[in-house]
Structure formats: C-alpha cells, structure tokens
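Encoded as structure tokens, the structure appears first; notes follow it.
The values are calculated or read from the model by the stated rules, or taken from the named source; none is laboratory data. Source: prediction; values computed, not measured. FYI the Cβ positions are ideal-geometry reconstructions off the backbone, even for glycines, and counts take in every protein chain you see. Accessible surface areas use protein heavy atoms only, side chains included; no ligands, DNA or RNA. Shrake-Rupley method; radii C 1.70, N 1.55, O 1.52, S 1.80 Å.
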Amino acid sequence: MRTAYQLHPICYFPSRRSSSKYHGSVKLGGWYSRQIGFTRSDRSQRFLTPIRKTRFFVISSTDDGYVYAPLLEGEHNTNNAPSSEPETFFSGWSPPRFLWRGLSVLVLAGQVIIRTLKGKVHWRNTIQQLERVGPKSVGVCLLTSAFVGMAFTIQFVREFTRLGLNRSIGGVLALAFSRELSPVVTSIVIAGRIGSAFAAELGTMQVSEQTDTLRVLGSSPTDYLVTPRVIATSLALPFLTLMCFTIGMASSALLADSVYGISINIILDSAQRALRPWDIISAMIKSQVFGMIISVVSCAWGVTTMGGAKGVGESTTSAVVISLVGIFMADFALSYCFFQGAGDSLKNCV
C-alpha cells in the first residue's frame with residue numbers, strides 16, 4: 001500500500017510582542033483520510049526567523065512497517081538576502097595543477113637558497129640525508145656505471161680497431177665518461193632511488209597533516225625537511241660521479257684487455273693524454289646541478305601532494321619523470337655552455 005503525505009507548515013509573526021501561532025495540517029490521502037491540527041503559543045518573538053517550505057513524499061514499506069520519506073523539494077528564504085555575489089570572468093577559474101606545481105619548485109628553490117645563506121640548516125638531519133644519498137647509494141651507482149662502461153667499450157673497440165685507431169679508444173672513453181655518461185647515469189640512478197623516496201615521504205607527511213604539525217610546533221617544514229635533502233643531494237652527487245667515472249674506466253680497460261687484446265696501459269695512457277682538468281670540473285658542476293634539480297623537484301612534488309595514497313603514488317611517479325626531463329634539459333644547456341668550438345683533446349691520442 002502506498003500512502004501520500006503532504007506537510008505544509010505555516011508560520012505567523014504578527015508583531016514583536018504578540019504571541020506566535022503555529023498552525024500545521026497534515027493531509028492523509030488514500031483509502032483512509034484524516035486531518036490533524038495543532039496550535040502552540042509561546043512567548044513573544046524578538047527576531048524574525050527564515051521561512052522554510054518543504055514538501056515530502058512518503059511511501060510506506062510493506063516489509064518492515066516503517067515509512068520511507070525522501071525529500072522532494074525544498075525552498076529556503078533568508079529574509080530576502082542576496083543569494084550570491086555577481087560572478088566575474090575569472091570567478092570559476094583555477095590555475096592548472098602543473099602550473100602552480102612548477103611555480104612551487106621556483107618558490108621552494110628560492111627559500112632553500114635564502115635559508116642556506118642565512119645558516120638556517122638542520123645539520124643533524126642533513127648528515128642523516130647525506131649518509132642516505134651517498135654511502136647507501138654507492139653500490140647501485142657503481143654497478144650501473146661498470147656495465148655501461150663495458151657496453152660502450154664493446155661498441156668503440158669494434159669500430160676503432162677496424163680503423164686502426166687502437167690508441168684512441170681510451171681517450172674517447174675517458175671524454176665520453178667524464179663529460180656526459182658519468183654525470184647523467186649517476187643522476188638517473190639517484191633520481192630513481194632517492195628522488196622517488198623524497199617525493200613519497202613528503203607526500204605521505206603532507207596528506208597525513210604531519211607538516212601542519214611541524215608548523216604548529218613552531219618549526220618550518222622547509223628548514224627541517226627540504227633544505228637538508230637539497231644540501232645532501234648536491235654534496236653527495238659530485239663524489240658519486242667521480243667514483244662512477246673511475247669504475248667505468250676500470251671496467252672498460254679490463255674488458256678491452258681480456259676480450260679484445262688491447263693492453264690496459266694503452267687505454268690508461270690514452271685517457272690520461274686526452275683528459276683535461278676542465279673535463280672533471282665540468283662533470284662535478286653538472287652533477288651538482290642535477291642533484292639540485294632532483295631534490296627540489298621531488299620535495300616540491302611531495303609537499304604539494306593531494307588525494308591520499310593515490311595522490312602519493314601519482315606524485316612519486318611524476319616527480320621522477322619531471323626530474324629526468326630536467327636532467328636532460330640541463331645537460332644540454334650546460335654542455336652547450338661548457339664545450340663550444342672545435343676541440344683538440346684527441347690530437348694527442350692519435
């Protein structure tokens with residue numbers, strides 16, 4: 001059986017001192033009809049209350065005997081107050097997420113530089129992050145560099161031996177490793193291992209409101225969380241690059257001697273004559289810039305995370321991708337600035 005109810009409350013406010021009357025009627029439609037009336041007298045009303053009109057549609061349930069009353073229509077009047085402010089052209093516009101995230105990278109980098117120059121650095125946390133980025137990442141960086149060096153040795157030895165340029169193999173390998181391969185390969189490994197960890201940690205702290213707790217306690221999240229990570233990555237990456245360069249050259253010399261019969265002394269002597277001090281310095285400068293890009297982008301993506309666990313995963317993936325793109329763009333710009341014009345590094349090796 002379906003029963004229809006209509007509820008029409010009507011409120012009267014004759015004056016501020018007179019008593020208010022509430023008269024309501026409930027009309028019951030169907031096979032059985034009845035009408036219920038009620039009145040109520042209270043003290044005088046000093047303030048007018050909003051008028052609210054509501055219509056209900058009630059359907060009785062034959063299963064459990066209870067009624068189900070969904071609200072069909074509601075009207076609310078707030079004493080003739082204006083409903084909303086006039087809308088402007090940019091009232092419903094918000095900047096894209098990638099735009100304000102990119103701006104947050106610049107803002108965060110500026111804050112880190114200013115706090116570092118002022119000496120506002122949490123050194124204990126910096127040492128912990130330095131140990132994490134440096135010694136704990138040595139194994140995977142050296143292993144990657146060794147196999148990359150052996151792969152390049154196979155390609156160079158095959159081609160240079162056919163041309164009769166065995167004495168130039170070491171110089172070419174040394175220049176390739178010092179200028180490009182060692183900084184880029186080391187930065188890629190650090191971006192995948194450390195950058196993703198930075199983004200995931202700070203993203204989890206952001207969605208769980210731990211960064212807000214730091215602010216309540218009077219500690220700046222930038223001083224405690226971001227600045228130590230940026231300093232640690234910028235200091236550890238140049239030393240990792242030098243170690244990767246050494247291991248890459250050693251693995252290349254061993255492979256050339258054991259497989260292709262080219263003496264280790266020839267490889268090392270050629271590399272020594274081809275290298276210049278600027279090649280090593282440029283590699284350290286590149287790796288330091290790459291370390292800053294990795295740490296700042298990862299921390300910025302972490303502190304701007306939204307959406308719970310799903311947002312943390314998306315921020316981690318996006319931070320690694322943006323870091324890699326930034327590394328390749330910075331590598332091109334630095335190489336264009338550092339190495340212009342015709343080079344003569346291989347003249348002594350031929």
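The residues in the stretch 241-291 that are of a type outside the set (F, W, Y) and outside any helix (DSSP H, G or I) can be counted, and the count is 6.
When the stretch 136-193 is examined, which residues are found to be surrounded by 16 or more Cβ atoms within 10 Å (Cβ to Cβ), among the basic types (K, R) and within 24 Å of I322 (Cα to Cα)? Listed by number, the residues that qualify are R179, R193. Among the residues of the stretch 158-166, is any aromatic (F, W, Y) and modelled with pLDDT of 85 or more? No, the stretch 158-166 has no match at all.
Exactly one residue out of F177, F98 is assigned to a helix (DSSP H, G or I) and modelled with pLDDT of 75 or more: that is F177.
Using beta carbons and a limit of 8 Å, which pairs, at least six apart or on different chains, have the first residue in the stretch 310-328 and assigned to a helix (DSSP H, G or I) and the second one among the aromatic types (F, W, Y)? Every condition considered, the pairs that remain are S315/W301; T316/W301; S318/W301; A319/F198; A319/W301; I322/W301; I327/F290. Looking only at residues of the stretch 243-285 that are under 15 Å from A176 (Cα atoms) and among the charged types (D, E, K, R), we find that the one that is least open to solvent (accessible area, probe 1.4 Å) is D279.
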